[in-house]
Amino acid sequence: MFKLYSSAPESWPTLLNQLSGIILEQAASYPSSPQTPLYLELLKRAADQETRAKWKASSPSSVIDYLAKRDLWRNLRRVYVALVPNSPSLPALITLTFLPFKSPTSSPTGDNSLATFISQILTLPSTQFPVSSPLVGKLLPFETLLLHLESRTLSTAHPHPDEATENLLLNLLIVESKFKFVEAFKKGDLIRAFLAAVASLIGSLGVGGVRKGKKREFATIEGTEPTNKMDVDTAETGPSNAVTRGSTSASSSIGSLILPLLPIVLTASNRYSNNTRPSLALFLTNLLTYLPNHRDRILNAIIFPNSSGAGERSNGLLRELYRTFLRSTTFGTLIAQSPTNVLSALKDHEEPIGRV
């Protein structure tokens, strides 16, 4: 069939696109159907330009671009949430999820496309997000997503987070833990974007994951609908001090993933101190608030030298701040020349307690 119609420059691409759209809708509408694995496999083969070239059916139009403009990720999410572990649909489903990022010329890096991918795929529960697939490390535009999230989270308040925000943060940390993107960053802008995005998401989760709801507002990326009806009801009808609690297991998982990152981000921030310090301060402040039971570990990582795990040793944030902002000043020179005299002078000018 591919060979038969490959010579038709106009009708074949149109037919293939329309058939692919129908098959996608069928797979999303009946994800548990025995035919769904076959539907997804057909879509994968039709959408992959390399497969079509193999069958001499390459054409100017792209099936995956056509599907991406017609709610590809929204439909794939419907399949994800309905599948059981080890479903035969998963291999083709995962490939279709990341296929739009495969071609540099057609990669959907626009704000709307990235927002849709984030809201529909990155907010999946971590048990359903396909982080184990090597395609995540190979095709996921992690740097571009961070830059998008930085601008999105910095410009939007998150007073009432929901489950989607928690899932998004957890999935970002799982991806980073597995593929070590942050350690490989060579630009301060990327370190800043990671710190700002994670800091904003952590800040929206409140103290230890406890959040208050006063009205129907949710800390989600645009396009995501609330998935927990109890949270909606509480937010709409509950008293002004109504409190909902995030998943304890999710909070614990976030803590176990983010704490090992501390020496890495501190070292990276020291390396690119010109444009990462404000984001680092917000990150650390929100982290101390979100994980109150781990304050000693966080403060120790800030104050004392530690190994980043990347062959580079951090000198401690406080020492770096001194070296950056104080050592070259007149006060820093006085301390270096005669610390005893400086301390004595400060002590002599110390105001008694209670005196204005």
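Quick check on the range 142-156. Is at least one of its residues assigned to a loop (DSSP other than H, G, I, E, B), at pLDDT 90 or above and either out of contact with any Gly (no Cβ under 9 Å at 6 or more places or on another chain) or surrounded by 19 or more Cβ atoms within 10 Å (Cβ to Cβ) (or both)? No, the conditions are met nowhere in the range 142-156. Each residue in the range 263-307 was checked for being open to solvent by 30 Å² or more (accessible area, probe 1.4 Å), closer than 16 Å to SER200 by Cα and of a type in the set (A, V, I, L, M, F, W, C), and 3 of them qualify.
Which one is farthest from ARG77 (Cα to Cα) among residues in the range 100-116 that are at pLDDT 80 or above and open to solvent by less than 70 Å² (accessible area, probe 1.4 Å)? Checked the range 100-116; the qualifying residue farthest from ARG77 (Cα to Cα) is PHE101.
Of everything in the range 179-212 that's in a helix (DSSP H, G or I) and in contact with a Gly (Cβ under 7 Å, 6 or more places away or on another chain), which residue is modelled with the highest pLDDT?
To start, the set of residues in the range 179-212 that are in a helix (DSSP H, G or I) comprises 179, 181-184, 188-204, 207-209.
Restricting the remaining residues to those that are in contact with a Gly (Cβ under 7 Å, 6 or more places away or on another chain) gives 179, 209.
Working: PHE179: 94, GLY209: 58.
Among them, the one singled out is PHE179.
Scan the range 25-44 and tell me whether some residue there is over 22 Å from LEU149 (Cα atoms), of a type in the set (Lys, Arg), surrounded by fewer than 15 Cβ atoms within 10 Å (Cβ to Cβ) and at pLDDT below 95.
Step one: filter the range 25-44 for residues over 22 Å from LEU149 (Cα atoms), giving 25-44.
Checking the rest, the ones that are also of a type in the set (Lys, Arg) come to 44.
Filter again for surrounded by fewer than 15 Cβ atoms within 10 Å (Cβ to Cβ), leaving none.
Within the range 25-44, none of the residues are over 22 Å from LEU149 (Cα atoms), of a type in the set (Lys, Arg), surrounded by fewer than 15 Cβ atoms within 10 Å (Cβ to Cβ) and at pLDDT below 95.
Among the residues of the range 68-99, those identified as farther than 19 Å from VAL131 by Cα and modelled with pLDDT under 90 are ALA68, LYS69, ARG70. I'd like the full set of residues that are free of Cβ contacts under 8 Å to residues at least 60 places away in the same chain and in contact with a helix residue (DSSP H, G or I) (Cβ under 7 Å, 6 or more places away or on another chain), limited to the range 252-272. Answer for the range 252-272, where residues must be free of Cβ contacts under 8 Å to residues at least 60 places away in the same chain and in contact with a helix residue (DSSP H, G or I) (Cβ under 7 Å, 6 or more places away or on another chain): GLY255, LEU259, LEU262, PRO263, LEU266, ASN270.
The values are calculated or read from the model by the stated rules, or taken from the named source; none is laboratory data. Since the structure is predicted, the reported quantities are computational estimates derived from the model, not experimental observations. Positions of Cβ are generated from backbone atoms using ideal geometry, with glycine treated the same way; all protein chains shown enter the neighbour counts. To get the accessible areas, we keep the full protein, side chains included, count just its heavy atoms, and leave off ligands, DNA and RNA. Shrake-Rupley method; radii C 1.70, N 1.55, O 1.52, S 1.80 Å.
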